[in-house]
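Here is the structure we will look at, set down as structure tokens.
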Amino acid sequence: MKYLVMIYGSQADYDAMNGIGSEGRPAWTEKDLQAMFQHMESINNDLAETGEVLEGNGLSAPKQAIVVTGGPGGASVVSDGPFGETKEVLAGYWVLDCASDERVTEIAKRVHQCPAPEGSPVSDVVIRPILEQAPGK
């Protein structure tokens, strides 16, 4: 079965990773970043070896987002980020093909254990099965 495994973050999290800390989000050091990158690289290498990863990427900071919303008269309005109404955004994802819910959960637990500086918030890891056919069919 295919799954989308998602990890979330905020603009403050991206800023902290770039050395700009804020309340509840200490600035990351180069050592912190290397530990995180090594952890994620290890997961990605293992998933490539097992053939379970179909795709995966980290995403740019929310302030680099482009959003298309509805405007007056149904016209599309294009805006850039960041957006006050959105506290957390998708920070990275994997599309995995796993044998079971248990296996994808095992992988998500490993992602969740990613090292971060003391006092940093820990993002939830969300797993969503990918529909391979229309619901109800």
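The values are calculated or read from the model by the stated rules, or taken from the named source; none is laboratory data. Owing to the predicted nature of the structure, the values given are computational and were not obtained by experimental measurement. Ideal geometry is used to build each Cβ from the backbone, glycine not excepted, and the neighbour counts take in all protein chains shown.
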Residue pairs within 9 Å by beta carbon, gap of at least six or interchain, first lying in the range 7-21 and under 15 Å from residue 111 (Cβ atoms), second among the β-branched types (Val, Ile, Thr), listed first then second, are 7/111; 7/125; 7/126; 8/89; 8/125; 8/126; 9/89
So residue 116, is it surrounded by 11 or more Cβ atoms within 10 Å (Cβ to Cβ), more than 16 Å from the chain's Cα centre (by Cα), of a type in the set (A, V, I, L, M, F, W, C) and under 15 Å from residue 17 (Cα atoms): no
If we keep just the residues of the range 119-128 that are out of contact with any helix residue (DSSP H, G or I) (no Cβ under 6 Å at 6 or more places or on another chain) and among the hydrophobic types (A, V, I, L, M, F, W, C), which is surrounded by the most Cβ atoms within 10 Å (Cβ to Cβ)? 126
With modelled with pLDDT under 95, more than 17 Å from residue 92 (Cα to Cα) and among the small types (Gly, Ala, Ser) as the only criterion, which of 58, 24, 9 stands out? 24
I'd like to verify a number: residues in the range 27-45 that are among the charged types (D, E, K, R) and within 16 Å of residue 92 (Cβ to Cβ), how many? 1
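Residues checked against (1) aromatic (Phe, Trp, Tyr); (2) surrounded by 13 or more Cβ atoms within 10 Å (Cβ to Cβ); (3) under 21 Å from residue 127 (Cα atoms); (4) in contact with a His (Cβ under 7 Å, 6 or more places away or on another chain):
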{"site": "11", "(1), (2), (3), (4)": "no, yes, no, no"}
{"site": "22", "(1), (2), (3), (4)": "no, yes, no, no"}
{"site": "31", "(1), (2), (3), (4)": "no, no, no, no"}
{"site": "35", "(1), (2), (3), (4)": "no, yes, no, no"}
{"site": "53", "(1), (2), (3), (4)": "no, yes, yes, no"}
{"site": "65", "(1), (2), (3), (4)": "no, yes, no, no"}
{"site": "93", "(1), (2), (3), (4)": "yes, yes, yes, no"}
Sort out which residues of the range 97-137 are touching a residue at least 12 places away in the same chain (Cβ under 8 Å) and either under 17 Å from residue 33 (Cβ atoms) or in contact with a Gly (Cβ under 8 Å, 6 or more places away or on another chain) (or both), and write them in order of number. 97, 111, 113, 114, 115, 116, 117, 118, 119, 120, 121, 123
Residue list for the range 83-118, filter: of a type in the set (S, T, N, Q) and either modelled with pLDDT under 95 or touching a helix residue (DSSP H, G or I) at 6+ places or on another chain (Cβ under 8 Å) (or both): 86, 113
Go through the range 38-64 and report how many residues are part of a strand (DSSP E or B) and either in contact with a helix residue (DSSP H, G or I) (Cβ under 7 Å, 6 or more places away or on another chain) or not aliphatic (A, V, I, L, M) (or both). 5
I'm told residue 4 meets every condition in (1) in contact (Cβ under 8 Å) with a residue 24 or more places away in the chain; (2) surrounded by 13 or more Cβ atoms within 10 Å (Cβ to Cβ); (3) over 26 Å from residue 106 (Cα atoms); (4) not charged (D, E, K, R) except one. Can you identify the failing condition by its number? (3)
